[in-house]
Amino acid sequence: MLKTPQQILKNIASRIRFLRLERGWSQQELATRAAIRLATYQLFERTGKISLERLYRIAIALQRGKEFEELFKPLPIRSITELIPKPQRQRGKAVRKS
């Protein structure tokens, strides 16, 4: 069953809250370590809404930056045909006739 984007974001916020509490940090402590405003962090924990840059700052503060950087890493090659270069598409401008 696919989750909605909102459910996924709330789940991430919940995991981060757990990591914060595991370290014994207050919301203010994590916000300070991540160099973001407390209100921004509180909104994130409550709703899951946050900018990508601020989420990365939180990941760094929690020593999870490497995991963040691994997002969307290319998948391993499954067949030899994937190694054959594909022609690159180029967008061209239409030539106007005068």
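The table that follows gives values for the structure above.
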item	result
Unit charges on C-beta of K, R, D, E only; dipole of segment 5-69, Debye	100
The chain, helix-only ellipticity at 222 nm - DSSP H runs n ≥ 4, -39,500 (n - 2.57), divided by all residues, nearest 500	-15500 deg cm²/dmol
Segment 1-89: GluC sites (Glu not before Pro) in DSSP loop, at most 13 other beta carbons within 10 Å	70
Phi-based couplings in Hz for segment 22-36 (Karplus 6.51, -1.76, 1.60; Gly and Pro marked x)	4, 7, x, 8, 7, 4, 4, 4, 5, 4, 5, 4, 8, 6, 10
Sparse-neighbourhood loop sites, trypsin sites (Lys or Arg not before Pro) in segment 1-30 - DSSP loop, at most 14 other Cβ within 10 angstrom	3, 23
Diffusion constant of the chain at 20 °C, which comes from Stokes-Einstein with the Kirkwood Cα-pair radius and 1.002 mPa s, µm²/s	129
Straight-distance crosslink candidates among lysines, where the alpha carbon sits under 25 Å from residue 86 and sequence neighbours closer than 8 are dropped	73
Amide N proximity, segment 55-87 versus residue 8 label position 7 Å along Cα-to-Cβ, cut-off under 11 Å	72
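Read-outs throughout are calculated quantities, based only on the coordinates presented, and are distinct from any laboratory measurement. Nothing here was measured: the structure is a model prediction, and the numbers come from that model. Backbone-built Cβ (ideal geometry, glycine too); neighbour counts: all protein chains shown.
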